[in-house]
Amino acid sequence: MIGGGKDAFIGAVHRHAANLDGLVEFVCGALSINPDIARDSGKSLFLPDNRIYTDYKEMIKAEAALPEGERMDFVTIVTPNFAHFEPAMMALEHGFHVVIEKPITFSLEEAKALKAKLEETGLQLALTHVYSGYPMVKQARAMVREGKLGKIRKVYVEYPQGWLSRLSEREGNPQAAWRTDPQKSGKSGSMGDIGTHAAHIAEYVSGLKITHICANLTTHVEGRMLDDDGDVLLKFDNGATGVLSACQVAAGEENALKLRVYGEKGGLEWNQQEPNTLIAKWLDQPAQIYRAGAGYTDRLSPFATSNCRTPGGHPEGFLESFANIYRNFTLTLAARMEGKDPDPLNLDFPGIEDGVRGMAFIDNVVTSSQSDVKWIEHKI
């Protein structure tokens, strides 16, 4: 792992998720740019002293020099956005597979460079767009693929949060500090942080690609350097239209991601704060409620049930969704390392294409917001 020491938030989430199925052993880390924090974090996680590194470059070189079977198989990168590309590229250049936080890089150009390197090396990359790991999101995707809604016509996706309603970046909040700093986060705040999640889940479930956007970004909190609110009109490649909203100053909201997809025959609704429930609304019959549960193999898609871990009625949430991405990635990786074809169910995790599209989304939203032109092409 690169980043994710004891002073960080998301690193612990990744470690819990990777460990949930017993498929991954945590063997080494460069857990902080602060050498003392890196060492203390490594010791607290029971890493051997000789595999606690204070610099990711040192770690990658040292691990590459170890015999196969002893060195790490893949690296997880959980640093702020500006520190994604260089360690990911170096890992790929030294033959290591990569798991990386979203957005995948600081810029679209960097994302394209990683894609080229992956194509050159044949290595594997997973991008932790966590919401695609929820079983009922996978159920929604399967129902759309099966044509149960007919042709998709409308997509609504909203992601309101309230945690940046104050100038928290100047009140000692380190998470707010780097996410609102254009030198560390990139050219957009709300869209880079949570808007990319919204765009990804919209495309993931609908099976459609965004082709055109009309965007407006706003910075509500005085003194903030990046946008904290944004709204985007969408056009998709089948003629469907959509609305995307990402707001981090919706005071009182937690992580209220909500998706609605409508077709000719009906619609689907999923809310991240009630993740085990999927509501199906039909044109000619009463609405139905689908619930997650590992035993519901006779009524849910195998893509949903294979990512359920408990019987119905036992809540599965954020950590389990993260773990589903890790499990699918590691099972795919293990199969390929053994020269086998991965199970198609295990190939269902976000990758480099999602990363490139996410960076293009940020670029095009910013361009649209700054333009007097109503619609701009969503260029990749």
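The values are calculated or read from the model by the stated rules, or taken from the named source; none is laboratory data. The structure displayed is predicted, hence computed values, not measured ones. Quick reminder, even Gly has a Cβ in these numbers, built from the backbone with ideal geometry, and neighbours come from all protein chains shown. Heavy atoms of the whole protein, side chains included, go into the accessibility calculation; ligands, DNA and RNA do not. Shrake-Rupley method; radii C 1.70, N 1.55, O 1.52, S 1.80 Å.
Remarks
- The residues of region 361-375 that are at pLDDT 95 or above, open to solvent by 20 Å² or more (accessible area, probe 1.4 Å) and within 23 Å of E203 (Cα to Cα), listed by number, are D363, T367, S369.
- All told, A30 falls short of being out of contact with any Asp or Glu (no Cβ under 7 Å at 6 or more places or on another chain) and either loosely packed, with under 15 Cβ neighbours inside 10 Å or small (G, A, S) (or both).
The rows are residues; the columns are (1) part of a loop (DSSP other than H, G, I, E, B); (2) modelled with pLDDT under 95; (3) under 30 Å from K235 (Cβ atoms); (4) open to solvent by 50 Å² or more (accessible area, probe 1.4 Å).
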residue	(1), (2), (3), (4)
Y159	no, no, yes, no
W163	yes, no, no, yes
R166	yes, no, no, yes
E169	no, no, no, no
I194	no, no, yes, no
A198	no, no, yes, no
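- Within region 143-157, the residues that satisfy the criterion of being open to solvent by less than 10 Å² (accessible area, probe 1.4 Å) and either under 19 Å from I289 (Cα atoms) or part of a helix (DSSP H, G or I) (or both) are M143, L149.
- Residue match in region 148-155 (condition: touching a helix residue (DSSP H, G or I) at 6+ places or on another chain (Cβ under 7 Å) and basic (K, R)): no
- Within region 222-247, tally of residues that are free of Cβ contacts under 8 Å to residues at least 24 places away in the same chain and of a type in the set (F, W, Y): 0
- Long-range neighbours under 6 Å by Cβ, at least six apart or interchain, first residue open to solvent by 40 Å² or more (accessible area, probe 1.4 Å) within region 334-360, second of a type in the set (A, V, I, L, M) and not in a helix (DSSP H, G or I): D354/L127
- Residues in region 227-251 that are open to solvent by less than 40 Å² (accessible area, probe 1.4 Å) and either among the small types (G, A, S) or at pLDDT below 95 (or both): G230, A240, G242, S245, A246, A250.
- Among (1) open to solvent by less than 10 Å² (accessible area, probe 1.4 Å); (2) among the charged types (D, E, K, R); (3) within 19 Å of the chain's Cα centre (by Cα), the one test that K112 misses: (1)
- Whenever a residue of region 277-288 is free of Cβ contacts under 8 Å to residues at least 12 places away in the same chain, its partners that are aromatic (F, W, Y), lying with C-beta atoms within less than 9 angstrom and at least six residues away or across chains, give the pairs I279/W270; I279/Y290; Q288/W282.
- Wholly within region 5-71, helices (runs of 4 or more DSSP H) carrying at least 1 residues that are without any contact (Cβ under 8 Å) to a residue 40 or more places away in the chain and hydroxyl-bearing (S, T, Y): 35-44
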